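Accompanying notes for the structure given below.
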Amino acid sequence: MTTLLCTAAAMAAAVIPASAHTGAAPSARILDPRAPGPVVVVDCFSQARMRPEEYLLACGDGNNRLVALHWDSWGTRTATATGTDMVNDCRPYCAAGRFRAYPVTVTLSNPETWPDHPDLLRFTTIRLLYTDTAPDPVPKDVTYKLVY
C-alpha cells in the first residue's frame with residue numbers, strides 16, 4: 001500500500017510518456033503565430049509526444065507505466081486510449097515486486113499553452129478509468145494533474 005501511495009504521489013508530481021510518435025513523418029505546415037499548434041503530452045525530459053504507445057506514470061522509480069496504448073482519438077480538447085496500466089506491487093519491496101496488469105481507459109484533457117513552447121498546447125490532466133479492478137488503494141476512476 002505504501003508503494004501505491006508513493007506511486008500516486010509521483011503521478012501527481014509527474015507523468016512521462018516512454019515512447020512517442022505514430023511513426024508517420026511530420027507534415028510540413030505554416031503556423032499562425034496567433035493560433036497554438038498541435039496538442040501534445042509532455043514527458044519528464046520535456047519532450048512533446050503525440051499518441052505514445054507507452055507512457056511512464058512514475059518518473060522517479062518507474063514502478064507504474066501505461067503500455068499497449070491504442071488511441072481512439074487525439075483531438076484539440078481531449079485524447080482517449082485503451083491500454084494496460086502496469087503497476088509494481090512492491091511486495092515484499094519494490095526491487096523484488098511483480099508488475100500487475102490493470103486494463104484501463106486513458107483520457108488526456110485540459111490543454112493549455114506550454115510555457116516553454118508557446119506555439120504548442122499540452123494536455124494538463126490525465127484520467128485513468130480502470131475497466132476491471134484498480135490497484136489497491138487507487139479508485140477505479142482517478143484524475144491527476146500533469147505538471148510537465
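Thr125's amide H: which non-local residues (gap 5+, or another chain) put their own amide H closer than 5 Å, with H modeled 1.01 Å from N in plane and none for Pro or chain starts?
Ser109, Leu146
Each residue of the stretch 70-81 in turn: what ³J(HN,Hα) in whole Hz from Karplus with 6.51, -1.76, 1.60 and θ = phi - 60°, glycine and Pro shown as x?
Karplus-based 3J(HN,Hα) across the stretch 70-81 equals 10, 7, 7, 8, 8, x, 7, 10, 9, 9, 10, 9 Hz.
List the chymotrypsin sites (Phe, Trp or Tyr not before Pro) in the stretch 42-145 that DSSP assigns to loop (not H, G, I, E or B) and whose Cβ has at most 15 other Cβ atoms within 10 Å. Which are they?
Within the stretch 42-145, the qualifying chymotrypsin sites (Phe, Trp or Tyr not before Pro) (loop, at most 15 other Cβ atoms within 10 Å) are Phe45, Tyr93.
Once you list every other residue whose beta carbon is under 13 Å from the beta carbon of Leu146, what net charge do they have if Lys and Arg are +1 and Asp and Glu are -1?
Around Leu146, the surrounding residues sum to +2.
Once amide H atoms are placed 1.01 Å from N in the peptide plane, what residues at a sequence separation of 5 or more from Leu120, or on another chain, have their amide H within under 5 Å of its amide H?
Under 5 Å from the amide H of Leu120: Gly37, Trp114.
Here, each number is a calculation from the coordinates, and none is a lab measurement. Owing to the predicted nature of the structure, the values given are computational and were not obtained by experimental measurement. Cβ: placed from backbone, ideal geometry, glycine included. Neighbour counts: every protein chain shown.
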